[in-house]
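Quick notes on the structure that follows.
The values are calculated or read from the model by the stated rules, or taken from the named source; none is laboratory data. Please read all numbers here as calculations on a predicted model, not as lab measurements. Please note: Cβ atoms are built from the backbone with ideal geometry, for glycine as well, and neighbour counts cover all protein chains shown. Calculation scope for accessible area: heavy atoms of the full protein, side chains included, ligands and nucleic acids excluded. Shrake-Rupley method; radii C 1.70, N 1.55, O 1.52, S 1.80 Å.
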Amino acid sequence: KDVADLFLLAEVYRKCGETATAKEILLRIYEKKVTWRVLEELMEVCLADKNPEEARTYLKQYGKLSGGDPRGYIYEYRIGRQLRRPDEELLPVLQTLKAEEYSEKYAYELAKLYHKLGREQECMAECADLILWFGEGTYVERAKALQAYYRGELSVDDIKQEAERRVKEAEDRRAKEEE
């Protein structure tokens, strides 16, 4: 009956892949009290169920409650991806997100969009920013591979193998540091 317990239960169900049960619980909470956290979980469930239209409904409410929280741009991008919106429409969303809150994953998504749109200079600049800001990690390794592709150091086939190799090396370094 406690909202916090219900929320925890819904989160566990969602993470276990039982999205229908999670959604039922979240809707019970939603009826009692609408918060940005409940809306985020409902959007996650909708996106997991490949239901971007319903997620968009919750995103509108989220925008009103969250007071312009940058995570709204993340959901807008993810919903747009599921709706198969053109890359040209998604680009401003990621550019705005970058200006509001710079994150490794979505910085790389922005670099990929530049790449898909054939905007080599912006792609290279975004990869350079990502490498500068974060230094190491999965997305940094992917950005390095994308840069190597543009410099002619890697072919399209090599880029996947090189990225996997660099990620493995970074994981091995982290494991050694933890020991």
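Tabulated data for the structure shown
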quantity: Qualifying residue in region 56-76 (condition: under 19 Å from ARG14 (Cβ atoms), open to solvent by less than 70 Å² (accessible area, probe 1.4 Å), free of Cβ contacts under 8 Å to residues at least 12 places away in the same chain and not hydroxyl-bearing (Ser, Thr, Tyr)); calculated: no
quantity: Matching entry among ALA99, ALA107, ALA125 (being in contact with a helix residue (DSSP H, G or I) (Cβ under 8 Å, 6 or more places away or on another chain) and either exposed (fewer than 14 other Cβ atoms within 10 Å of the Cβ) or hydrophobic (A, V, I, L, M, F, W, C) (or both)); calculated: ALA107
quantity: Close pairs from region 80-106: first touching a residue at least 24 places away in the same chain (Cβ under 8 Å), partner among the basic types (Lys, Arg) and not in a loop (DSSP other than H, G, I, E, B), Cβ under 7 Å, at least 6 apart; calculated: ASP87/LYS116
quantity: Residue list for region 30-55, filter: part of a helix (DSSP H, G or I) and open to solvent by 70 Å² or more (accessible area, probe 1.4 Å); calculated: GLU31, LYS32, TRP36, ARG37, GLU53
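Every residue, every condition in (1) within 19 Å of the chain's Cα centre (by Cα); (2) of a type outside the set (Asp, Glu); (3) closer than 26 Å to ARG173 by Cβ; (4) assigned to a helix (DSSP H, G or I), yes or no:
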site	(1), (2), (3), (4)
TYR108	yes, yes, yes, yes
ALA125	no, yes, no, yes
GLU136	yes, no, yes, no
GLU141	yes, no, yes, yes
